[in-house]
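Every read-out reported here was derived from the displayed coordinates using simple, explicitly stated rules and does not represent laboratory data. What you see is a predicted model; the values in this text were computed from it and never measured. With ideal geometry, Cβ positions are generated from the backbone for all residues, glycine too; neighbour counts draw on all protein chains shown.
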Amino acid sequence: MKIGLTATMIQGGRSGVAQYVFSLVRELIRAGGVDLNVFVLEDELPLLDFAKDGCNLIPVPRAAAPPVKNILWHQLSLPKLAGNLKLDVLHVPSYRRLVRSAPCPTVGTIHDLAPFHIKGKYDLARMFYGRVVVKSLARHQQEIIAVSHCTARDIESFFGIPQSRLHVIHNGIDHQRFFPGDHAAARTWTAEKHQLTAPYFLYVSRLEHPGKNHVRLIEAFVEFKKATGTDCLLALGGGDWHGCEAIKSAAAASPYASDIRFLGFVPDADLPDLYRAARCMVYPSLFEGFGLPPIEAMACGTPVISSTRGALEEVVADAALIIDPENVADITRALIAISADPDLTETLKSKGLANAARFHWSRTAAEVTEIYRKAASPQSSGTRDFPDHIASQQ
């Protein structure tokens, strides 16, 4: 099968969609069986150097990078390229870039429908696009992949697409990178690289307010410090995003501002040791379509505190210490419990390792390949035009 995969929305590799694309490309190449063609912005080609010998990397002019131009490129230029290349299937791994029509079957991956859950997540134009325009585009896909059952339920609820037309395929993690490893060596490395010389709580997420809930975590950390008097640090790994000013202001106003460290965007290669050295990963997000960092931390043998909002409930299962992300006192309680109870920490480590073992990118890629076969099959039951009786109900 000749497959086209668009990767022009990976934002310099600093997004969840980018991790999905990179991991999927690696595993599709490793498994073989598909002729993979990946569309990449010309200045981001080095990000896919690892794939250049295993697939066809097709450069896209940098002029197509800005969001509006990128949307137009997907609607106008990408279908033409798919026709010229005689693709059997075109896969768009981001719901905001789904194409309305193409000369071949289309597969779309939807990671989350966060604009329906978090008020003010984006500006008005992007909120309208995500809520209204994408709803129409989604109905024209031959097959739709949801990365969690939570996202599948949202697609049915908000887009009116029955779950019988959806395929839930969980994300994976790379177990060759994320494993317990040497804790002492990781502590030494984090002290040298990030000056984290005391035990630290870690939150890896882009600095997005209010959705990622950093401000309440900072407030809980302040209460934790007051209650315990420990030298613990709070390490926030992630690049600046919408609302980051509110997060940095909250940290600066804290009486423990010097103990709150902003690490910036953390390169993939640094993540395993950053997880291994942490006292705990704290993940108080208000909504996730999946949530990779808690699982990656679990695979590294790190205990996890997590909310269960969105898909986190199905992803972290019973392997995390659960919090109400909107209750600062509850977050504080969890931080204190992790610091004071070594038996709890060991239990969470054990449960976390078992839970993380459920997620493998090789399995994800194999299931995605089956969706490609289904889409390309002349007997495919999918449709790119929604049935009238369903459309009329929306």
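If I take every Cα pair under 8 Å that is 6 or more residues apart in the chain, average their sequence separation and divide by the length, what percent do I get for the relative contact order?
It rounds to 16 percent for the chain.
Of the residues V89, C280, A7, the one whose Cα sits farthest toward the positive end of the charge dipole of the chain, with +1 on the Cβ of Lys and Arg and -1 on the Cβ of Asp and Glu, is V89. Round to the nearest 10 and give me the degree value, 0 to 90, for the angle of helix 183-194's Cα axis relative to the longest principal axis of the chain. Helix 183-194 sits at roughly 80 degrees to that axis. Modelled label positions at S249 and A191, each set 7 Å beyond Cα in the direction of Cβ, lie 3.7 nm from each other. Taking the square roots of five times each eigenvalue of the Cα gyration tensor of the chain, the equivalent ellipsoid has semi-axes of 38, 22, 20 Å, listed largest first. From the cross-link list K86/K135; K226/K349; K69/K193, which pairs have alpha carbons spaced over 30 Å apart? The answer is K69/K193.
Tell me, rounded to the nearest percent, the portion of alpha carbon pairs in the range 183-356 spaced more than 29 Å apart. Walk me through the numbers on the way to the answer.
On the way: 1331 of 15051 pairs.
Value for the range 183-356 (Cα pairs over 29 Å): 9 percent.
Spin-label model, E326/D49: points 7 Å from Cα along the beta carbon direction are separated by 4.7 nm. Fully extending the segment from R358 to D270 would add 29.4 nm, taking 0.36 nm per residue of separation and subtracting the current Cα-Cα distance.
Compared with the direct C-alpha span, the chain from D341 to A366 gains 4.9 nm at full extension, assuming 0.36 nm per residue.
Full extension of the chain segment joining E223 with A31 gains 64.2 nm, where the gain is 0.36 nm per residue of separation less the Cα-Cα distance. Computed from Cα positions, the angle between helix 214-228 and the longest principal axis of the chain comes to roughly 20 degrees.
When shorter helices are ignored and each DSSP H run of at least 4 residues is given -39500 (n - 2.57), the per-residue value for the chain at 222 nm works out to -11500 deg cm²/dmol.
Please compute the contact order of the range 183-356 in relative form: average sequence separation of alpha-carbon pairs under 8 Å and at least six residues apart, divided by the residue count, as a percent. It rounds to 23 percent for the range 183-356.
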